[in-house]
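Chemist: Following this message is one structure expressed as structure tokens.
The values are calculated or read from the model by the stated rules, or taken from the named source; none is laboratory data. On a predicted model such as this, the values are computed, not experimentally measured, just so you know. No Cβ is skipped: glycine too gets one built from the backbone with ideal geometry, and neighbour counts run over all protein chains shown.
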Amino acid sequence: MNTLHELAQECGWCYAQVEKMLRCGKCKKRSYCSKACQLNDWKLGLHKQWCGNSGEFGHDVVARSTIDGQFGMFATRHFARGAKLLVERWAATKKGTSLSDSDISEGMRQAAVKLMPRETSDVASKFKLNAFETPDGSEGLYIHFAYANHSCMPNASHHSITSPIGLKILVASRAIEPDEEVCIQYVSVEGEAKLAQRGQPIGSVFREWWGFECECVACKTPALRAELTRMCELDSAIVACTASDVREPEGPRRFDEALCQGAELISLYDELGVSPAHYVRTYHLLFQLGVTRRTTLAQARKYIQLAWENQLLLVGRETVCEEASRLAELVRAPETHQAYLAGEA
């Protein structure tokens, strides 16, 4: 039976642990070591937006031991598709080999110690196994997000939102039930496609970088693995087409084929129950193909609308998100895209 990880109650802003914690008066879940941290989290951490609108670590999701003796993240209640499981800021950031530790509190250091590898307490050593890429190309260490294990068919996905403190949200890709382990995908679909182009199996990356053999349902089921492989192939083909020129002699035919491949890819998404993020990426790519010609312009308008709607499902309508803003602008004015009717010239 899974047991709760020995995590004491932590401050929602600085991760400190004190004898008498304060609680958010609204959601009654998020805890703080001081009024100053509560105020910082309300304003800078955007808890004023997410209070009651997302899950909280230690309440709605918890860290528990898994059957292999490691730890994982588990839901304690039902989450609908698109629901927000967690909102967390980075505890530390690193650009290249340089660790920016001037703002790392003692509470953050103590919380990071519990992450793998456990044989060291050095914060910098925690990045290889636990860090997430941030929009500016650096790495961010997210203490609670790090407890989510990998699955090739994950039930959650993480996304950055516009914030000076590197806020990320963890979103349910499909409905998650109580006591179900919350898993994310360590390597994205596009990342796996790039590995395939180099002839590097995804399994070798898991072994060499994270030191494990993936035994998720997809890796144990050849038919599912074949469908995931097909997803990568279709994604790569569509990306390659967006990088080509529709004005070439074979351009229109190639673009039409890619649009058909897109329809097949969306059908696979529907069948497998993937994250809305997959839909955002593919609909945006299909928009870029369709917007090049008048004959496919109506399709393009539909695709960019669907991309925007799925992005909002991920981050919420009230969230400041650069990607959502860009998509909204294309919904409003598709003619602003650089490829608009490029095939008609």
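Chemist: Going through region 76-120 one residue at a time, which ones are under 17 Å from the mean Cα position of the chain (by Cα) and on the phi < 0 side of the Ramachandran plot? Walk me through how you get there before you give the answer.
Modeler: Applying the first criterion (under 17 Å from the mean Cα position of the chain (by Cα)) to region 76-120 yields 79-90.
Hits for region 76-120 are Phe79, Ala80, Arg81, Ala83, Lys84, Leu85, Leu86, Val87, Glu88, Arg89, Trp90.
Chemist: Further, regarding this structure: Would region 55-66 turn up any residue that is touching a His at 6+ places or on another chain (Cβ under 6 Å) and either among the aliphatic types (A, V, I, L, M) or free of Cβ contacts under 8 Å to residues at least 40 places away in the same chain (or both)?
Modeler: Looking for residues that are touching a His at 6+ places or on another chain (Cβ under 6 Å) and either among the aliphatic types (A, V, I, L, M) or free of Cβ contacts under 8 Å to residues at least 40 places away in the same chain (or both), one finds at least one in region 55-66, hence yes.
Chemist: Still on this structure, I have one more. Could you list, in sequence order, all residues of region 52-67 that are crowded, with 20+ Cβ neighbours inside 10 Å and out of contact with any strand residue (DSSP E or B) (no Cβ under 7 Å at 6 or more places or on another chain)?
Modeler: Glu56, Gly58
Chemist: Of the conditions (1) more than 21 Å from Ala148 (Cα to Cα); (2) assigned to a loop (DSSP other than H, G, I, E, B), Arg77 satisfies every one except a single condition; which number is it?
Modeler: The one condition Arg77 does not meet is (1).
Chemist: Could you tell me which numbered condition Glu250 fails, if it satisfies all but one of (1) in contact (Cβ under 8 Å) with a residue 60 or more places away in the chain; (2) over 25 Å from the mean Cα position of the chain (by Cα)?
Modeler: Among (1) in contact (Cβ under 8 Å) with a residue 60 or more places away in the chain; (2) over 25 Å from the mean Cα position of the chain (by Cα), Glu250 violates only (1).
Chemist: Go through region 260-299 and give me each residue that's farther than 30 Å from Thr221 by Cβ and of a type in the set (A, V, I, L, M). So that I can check it myself, show each step before the final result.
Modeler: Quick first cut of region 260-299, residues farther than 30 Å from Thr221 by Cβ only: 287-299.
Across region 260-299, the qualifying residues are Leu289, Val291, Leu297, Ala298.
Chemist: Can you pull out every residue in region 256-270 that is within 29 Å of the chain's Cα centre (by Cα) and not β-branched (Val, Ile, Thr)?
Modeler: Ala258, Leu259, Cys260, Gln261, Gly262, Ala263, Glu264, Leu265, Ser267, Leu268, Tyr269, Asp270
Chemist: Still on this model: When residues of region 17-49 are filtered for being part of a helix (DSSP H, G or I), modelled with pLDDT of 95 or more and not charged (D, E, K, R), how many remain?
Modeler: 7
Chemist: For region 236-345, please list each of the helices (runs of 4 or more DSSP H) lying entirely inside it that holds at least 1 residues being within 30 Å of Lys43 (Cβ to Cβ) and touching a helix residue (DSSP H, G or I) at 6+ places or on another chain (Cβ under 9 Å).
Modeler: Numbers: elements: 251-272, 276-290, 297-315, 322-332.
Output list reads 276-290, 297-315, 322-332.
Chemist: Further, regarding this structure: Only one of these is in contact (Cβ under 8 Å) with a residue 12 or more places away in the chain and of a type in the set (S, T, N, Q): Gln299, Gln338. Name it. I'd like the intermediate steps shown before the answer.
Modeler: Numbers: Gln338 fails: in contact (Cβ under 8 Å) with a residue 12 or more places away in the chain.
Of the residues listed, the single one that is in contact (Cβ under 8 Å) with a residue 12 or more places away in the chain and of a type in the set (S, T, N, Q) is Gln299.
Chemist: So Gly191 fits all but one of (1) without any contact (Cβ under 8 Å) to a residue 24 or more places away in the chain; (2) surrounded by fewer than 14 Cβ atoms within 10 Å (Cβ to Cβ); (3) not hydrophobic (A, V, I, L, M, F, W, C); what number is the exception?
Modeler: If we test Gly191 against (1) without any contact (Cβ under 8 Å) to a residue 24 or more places away in the chain; (2) surrounded by fewer than 14 Cβ atoms within 10 Å (Cβ to Cβ); (3) not hydrophobic (A, V, I, L, M, F, W, C), just (2) comes out false.
Chemist: Applying the selection to region 176-213, what residues are under 19 Å from the mean Cα position of the chain (by Cα) and part of a loop (DSSP other than H, G, I, E, B)?
Modeler: Scanning region 176-213 gives Glu180, Gln185, Tyr186, Val187, Ser188.
Chemist: Only one of these conditions is not met by Asp136: (1) touching a strand residue (DSSP E or B) at 6+ places or on another chain (Cβ under 7 Å); (2) surrounded by fewer than 20 Cβ atoms within 10 Å (Cβ to Cβ); (3) not hydroxyl-bearing (Ser, Thr, Tyr). Which number is it?
Modeler: Of everything listed in (1) touching a strand residue (DSSP E or B) at 6+ places or on another chain (Cβ under 7 Å); (2) surrounded by fewer than 20 Cβ atoms within 10 Å (Cβ to Cβ); (3) not hydroxyl-bearing (Ser, Thr, Tyr), Asp136 misses just condition (1).
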